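**Student:** Submitted below is the structure of interest, expressed as structure tokens.
Read the figures in this text as sums done on the coordinates, not as results from a lab. Fair warning: this is a prediction, and the values are worked out from it, not measured in the lab. Positions of Cβ are generated from backbone atoms using ideal geometry, with glycine treated the same way; all protein chains shown enter the neighbour counts.
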Amino acid sequence: MRFALALLLLVGIYALTLASLDPLDLLTGAVLGAALLFALRTDLWTGGGPSPAAYVRRVLAFPRFAAAVLWEVLLGTWRVSATVVGRRPLDKPGLVTIPIGERTPTGVAASGLALTLAPGECLVDVDWEERVMLIHVLDAGDPEAVRHHLADFYEKHQRAVFP
């Protein structure tokens, strides 16, 4: 059941990408999707991993996550622009460690991508032994505020999609 749902979603994405419902295109999408699922997600075959309902919840939560990332990009663009034109001082750029917490490896990757998309923040490194992400921020004057903001973003927007 999980495999069929995942395959159906992949075929749908393939068909949307090609903007085609031609049976040969759908067959090609199914073959490519099955190969991808077989290579990358063997837990779908064995019954492990999230349930189909969890996949649906993640898909439904994604637009909210994407909107939150877009908002962060807009805010980051505004802050960087204000700094570049001299309206905002560049007092304390620097590195801040962010605890990984309960994030999965996929969640860490999504967090890194989301914060790097916003100007003014960039993932520098992930220390899996210490369980922290090292990020460079434009304003590291209050590291606790940065940690709190990113933890809040994770809990409110990302966790439902990329735990």
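**Student:** Can you give me the angle between helix 52-84 and the longest principal axis of the chain, using Cα atoms only, in degrees from 0 to 90, rounded to the nearest 10?
**Tutor:** 30 degrees
**Student:** Moving on. Taking the number of other C-beta atoms within 10 Å as the exposure measure, put Phe62, Phe3 in order starting with the fewest.
**Tutor:** By the 10 Å Cβ count, ascending, the order reads Phe62, Phe3.
**Student:** Then there's this: Given the chain, what whole percent of its Cα pairs are spread farther than 29 Å?
**Tutor:** 36 percent
**Student:** Efficiency by 1/(1 + (r/R0)^6): what FRET value for Ala82 and Leu134, r their Cβ-Cβ distance, R0 = 22 Å, to the nearest 0.05?
**Tutor:** So the FRET efficiency works out to roughly 0.30.
**Student:** If you don't mind, another one. What does the convex hull of the Cα atoms of segment 107-163 come to per residue, in Å³, rounded to a whole number?
**Tutor:** Cα convex hull per residue, to the nearest whole number: 78 Å³.
**Student:** Would you work out which of Pro105, Ile13, Gly141 lies farthest towards the positive end of the dipole of the chain, given +1 charges on the beta-carbon of Lys and Arg and -1 on that of Asp and Glu, about the Cα centre?
**Tutor:** Of the listed residues, the answer is Ile13.
**Student:** Only four residue types carry charge here, +1 at the Cβ of Lys and Arg and -1 at the Cβ of Asp and Glu. Report the dipole size of the chain about the Cα centre in Debye, rounded to the nearest 20.
**Tutor:** Dipole about the Cα centre, nearest 20: 420 debye.
**Student:** Follow-up question, since we're still on this one. What is the local net charge at Trp78, summed over the other residues whose Cβ is closer than 11 Å to its Cβ (Lys, Arg +1; Asp, Glu -1)?
**Tutor:** +2
**Student:** Sum -39500 (n - 2.57) across every DSSP H segment of at least 4 residues in the chain, then divide by the residue count to get the 222 nm mean residue ellipticity, nearest 500.
**Tutor:** Taken over the chain, the calculation gives -19500 deg cm²/dmol.
**Student:** Then there is this: Going by how many other beta carbons lie within 10 Å of each one, how would you line up Thr77, Thr28, fewest first?
**Tutor:** Thr77, Thr28
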